[in-house]
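*Asks:* Dropping the structure in here first, questions after.
No value in this document is a laboratory result; all are computed from the given coordinates. None of these values were measured; they are calculated from a predicted model. With ideal geometry, Cβ positions are generated from the backbone for all residues, glycine too; neighbour counts draw on all protein chains shown.
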Amino acid sequence: MIRLDAIRIIAEKAREDSSLLISNIGIPCKELYHVCDAPRNFYMLGSMGLASSIGLGLSLAKPQRHVMTIEGDGSMLMNLGSLATIASQHPPNYLLIIIDNGTYGSTGDEPTATSMYTDLAAMAKGAGIREVYTSYTQEGLIKLLENVKSGVIVVKVQPGNAQVPLIDICPETILAWFMGEVLENTDIKNAQC
Amino acid sequence: MDNSPSIAVLRGMKKAGLDFVVSVPCVNLKELISMVDKDPDIIHVPVTREEEGVGVCAGAYMGGRRTAMLMQNSGLGNSINALASLNKLYGIPLLMIMSHRGVEGEPVCAQVPMGDLTMPLLETMNIPFFVPASKTEAEGAIVEAMTTAQEKRSPVAILFKIGFWRL
């Protein structure tokens, strides 16, 4: 399994459950845009490290909506304090999914600490997050997403990027579509999957 | 107590309709953070670092909230990339209510470098800021700053210098 396979599964689940989906900077955003563009997606184009924080703020502001964030290992390591804040707030409608390929995939596959000794699931538990799961296979991830609605899932994948095009929507439009979805339409929208 | 600087700031925050606040402590914000935490109309999220707070507030804004961050000016340095590549890029408002340390009356020398740099950094980033000198000014400035943040779709700062907290 590479990142794209995990994103496909997560996007399909988000479509099924009408979950709001925050995506991490770089190639993860582009891969999500490629496999399933929808107004329910927020593509974070800058601010590396803050995807998990944006998802947390959104889930606290909109407790009636389910929120998922696609985070990476390198970007999670950049904002580890976020795990402590998520543990303190523990919103029941927030699921943080860390796709861990052990590299900075968007910049040239330089190894991250998780390719050596660092265990992000253990760090999430240590931060105080009660529901922490690890998945190593596509089937395992599908099964976890059926049952787990909050806490953290670490998805272990092989390094590798899909060849996908740039996101050709401007940031203001991304935000406007996303906020239109969050604030006006609580019914399931027609996702363009 | 009923007329403390912290109460004036809270009154301004309520008038500005702020309903989602993140905080990183400063000794001058002690009373205000405690009041915000007890306020039933405000969701208060203590964060570990100001940059994280910028992200949490951005998400809350997307969920329809009116957001502010209680912080020390040193935290501006921790937030710059996020303020530029998240708030400025997408047009996300944020009110930064700052205790401005490292100015007249500062006993800690380590506060002085960021104290000196705070206004120049805000100017460079084209972030509007207000510097209320009295409790009466504070209330109006917070309301005006929030309106500016919404209209310009930008972060806006309010700097409360050391002297303000002794009024």
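*Asks:* Counting pairs of alpha carbon atoms under 8 Å apart in space and at least six apart in sequence, what relative contact order in percent does chain B give? Intermediate results must be reported in sequence, preceding the final value.
*Replies:* Values: 317 pairs, mean separation 44.8, N = 167.
Value for chain B: 27 percent.
*Asks:* Provide a whole-number value for the mean count of partner chain Cβ atoms within 10 Å of the Cβ atoms in peptide B:76-84. Show your work: numbers first, answer last.
*Replies:* On the way: counts 0, 0, 0, 1, 0, 5, 7, 1, 2.
Rounded to a whole number, the mean comes out at 2.
*Asks:* How far is it, in nm, from the label point at B:R153 to the one at B:K38 when both lie 7 Å from their Cα along the line to the Cβ?
*Replies:* So the two model labels end up 4.0 nm from each other.
*Asks:* Starting from the Cα gyration tensor of the range B:25-83, take the square roots of the eigenvalues, sort them a ≥ b ≥ c, and report rounded, prolate or oblate (rounded when a/c is under 1.5, otherwise prolate if a/b is larger than b/c, else oblate). Before the final figure, lay out each step's value.
*Replies:* On the way: a/c = 2.59, a/b = 1.07, b/c = 2.41.
Oblate.
*Asks:* P(r) of the protein assembly as shown in 20 Å steps, Cα pairs, percent per bin?
*Replies:* Cα pair-distance distribution for the protein assembly as shown, in percent: 31, 54, 14, 0.
*Asks:* Would you please report the Å³ per residue occupied by the convex hull of the alpha carbon atoms in chain A? Display every interim value, and only then the final one.
*Replies:* On the way: hull volume 20.0 nm³, N = 193.
Each residue corresponds to 104 Å³ of Cα convex hull volume.
*Asks:* Let me ask you something else. Among A:A51, A:A121, A:A176, which one moves the most in a GNM of chain A with springs linking Cα atoms closer than 10 Å?
*Replies:* Highest fluctuation of the listed residues: A:A176.
*Asks:* Go ahead and set up a Gaussian network model of chain A, Cα springs under 10 Å, then flag whichever of A:L166, A:L120, A:L60 fluctuates most.
*Replies:* Fluctuation is largest for A:L166.
*Asks:* Round to the nearest 0.05 the FRET efficiency obtained for A:L166 and A:I142 when R0 = 41 Å and r is the Cβ-Cβ distance.
*Replies:* Values: r = 29 Å, r/R0 = 0.71.
Using R0 = 41 Å, I get an efficiency of 0.90.
*Asks:* Same structure again: Residue by residue through A:42-48, how many Cβ atoms from other chains fall within 10 Å of the Cβ on average?
*Replies:* On the way: counts 4, 0, 6, 4, 9, 14, 3.
Going residue by residue through A:42-48 and averaging, the value is 6.
*Asks:* So, one more: Modelling each spin label as a point 7 Å along the Cα-to-Cβ direction, I'd like the B:L167/B:S134 distance in nm, to one decimal.
*Replies:* Taking the two extended label points, one gets 0.8 nm.
*Asks:* Picking from B:E137, B:E51, B:E151, which is most flexible by a Gaussian network model of chain B using Cα springs under 10 Å?
*Replies:* Greatest mean-square fluctuation among the candidates belongs to B:E151.
*Asks:* Mind checking the log10 I(q)/I(0) for the range A:1-111 at q = 0.10, 0.17, 0.19 Å⁻¹? Debye, one equal scatterer per Cα, no solvent, two decimals.
*Replies:* The Cα Debye sum returns log10 ratios of -0.25, -0.75, -0.94.
*Asks:* For A:T107, project a label point 7 Å along Cα to C-beta. Then give me every residue of the range B:25-58 with its amide nitrogen under 14 Å of that point.
*Replies:* Hits in the range B:25-58 for A:T107 at 14 Å: none.
*Asks:* Next question, about the same structure. I want the local charge near B:K161. Using Cβ-Cβ distances under 9 Å, sum +1 for each Lys or Arg and -1 for each Asp or Glu among the other residues. Don't skip to the answer; put the middle values down first.
*Replies:* Numbers: positive: B:R101; negative: B:E104.
Once positives and negatives cancel, what remains is 0.
*Asks:* In addition: Just report the Cα centroid separation between the range A:61-105 and the range A:141-159, whole Å.
*Replies:* 12 Å
*Asks:* So, one more: Using only Cα atoms, what Kirkwood radius does chain B have, in angstroms? The partial results should precede the final answer.
*Replies:* On the way: mean 1/r = 0.0646 Å⁻¹.
When all Cα pairs of chain B are included, the Kirkwood radius is 15.5 Å.
*Asks:* Of A:K30/B:K88; A:K13/B:K152; A:K125/A:K156; B:K38/B:K152; A:K62/B:K15; A:K62/B:K38, which ones are farther than 26 Å apart at the Cα?
*Replies:* Among A:K30/B:K88; A:K13/B:K152; A:K125/A:K156; B:K38/B:K152; A:K62/B:K15; A:K62/B:K38, the Cα-Cα distance tops 26 Å for A:K13/B:K152; B:K38/B:K152.
*Asks:* So, counting K/R as plus one and D/E as minus one, what does the shell of residues with Cβ under 13 Å around A:T103 add up to?
*Replies:* On the way: positive: A:R3, A:K156; negative: A:D73, A:D100, A:D109, A:E110.
Every neighbour counted, the sum reads -2.
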